Amino acid sequence: MIKFSILANQIKDHINEINLTSRDIGDDDKWNLLCVSMDTLEDTIEGLKYYELNGFGKDDSSKYIHLHGVLQLIFIQQNAIKGLFSIFNGKNFHKSNFPTWSEIRDLRHKVTGHPTQKDCGNKIKRIYLSRISIEDDGFDLIIWNKNTGKDDHVHIDFKSIYDEYKNEAIDILKKIHQKQLINWQ
């Protein structure tokens, strides 16, 4: 999270150095998107630093609530990064170039967003999070598929997915900062 934090600070510092204002952006909506995206990015970095230092916790209940919290932090962090990307790159963010970005977002939808009914096309799935399986590096899901009537037992290597997500997000933040330096002097 250190590289992440450094890049976020570079982006914010550049905004402050050039004294960027809503007049420069030319649109109150975009200005507010910039401000809330920057604040949200900083807040989520702090939350994820906590996870990296402390893990999900020791008892099953702590692990459960912290896992949900970390997945939600990543989800809103992605929204903040997309907001910054659209402002400084002048176009919408395409997550298809970043496979782990989509993977971790889908994982959040399964575990935190829609576990009781995850619609996958015309396939309904019900996702059970095995609370006792939650460890700092991963957890198990039991995914029941309505079409087959069967359960799939899936181990999620969360640490690997999270580490790869951070690498992709760092690449995106670098692109934002590069565009910022070129287009916003």
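Read-outs: derived from the displayed coordinates by stated rules, not from any lab. Since this is a predicted model, take the numbers as computed values, not measurements. Note that each Cβ is placed from the backbone with ideal geometry, even for glycine, and that neighbours are counted across all protein chains shown.
Details
- Here, segment 99-162 has an Rg and a Dmax of 11.7, 34 Å when only alpha carbons are counted.
- Karplus-derived 3J(HN,Hα) values for segment 35-52, using 6.51 cos²θ - 1.76 cosθ + 1.60 with θ = phi - 60°, are 5, 5, 5, 5, 5, 5, 4, 4, 5, 5, 4, 4, x, 6, 4, 4, 4, 5 Hz; glycine and proline are entered as x.
- Net length available on complete extension from GLU46 to GLN10 is 11.4 nm, with 0.36 nm assigned per residue and the Cα-Cα distance removed.
- Charge dipole (Cα centre; +1 on Lys/Arg Cβ, -1 on Asp/Glu Cβ; no other charges) of the chain amounts to roughly 620 debye.
- Distance from the C-alpha centroid of segment 141-176 to that of segment 69-97: 17 Å, rounded to the whole angstrom.
- The 3J(HN,Hα) values that the Karplus relation (6.51, -1.76, 1.60; θ = phi - 60°) gives for segment 62-74 are, in residue order, 5, 4, 4, 5, 5, 4, 4, x, 5, 4, 5, 4, 4 Hz. Gly and Pro appear as x.
- For segment 16-84, alpha-carbon Rg and Dmax in angstrom: 15.8, 51
- Couplings for segment 177-185, taken from phi via the Karplus curve 6.51 cos²θ - 1.76 cosθ + 1.60 with θ = phi - 60°, read 5, 4, 5, 4, 5, 6, 9, 10, 9 Hz in order; Gly and Pro are left as x.
- Taking every alpha-carbon pair in segment 71-136 and binning the separations at 5 Å intervals from zero gives 4, 15, 19, 21, 18, 12, 7, 4, 1, 0 percent.
- Cα coordinate range in segment 143-185, projected on the principal axes (Å, largest first): 59, 23, 7
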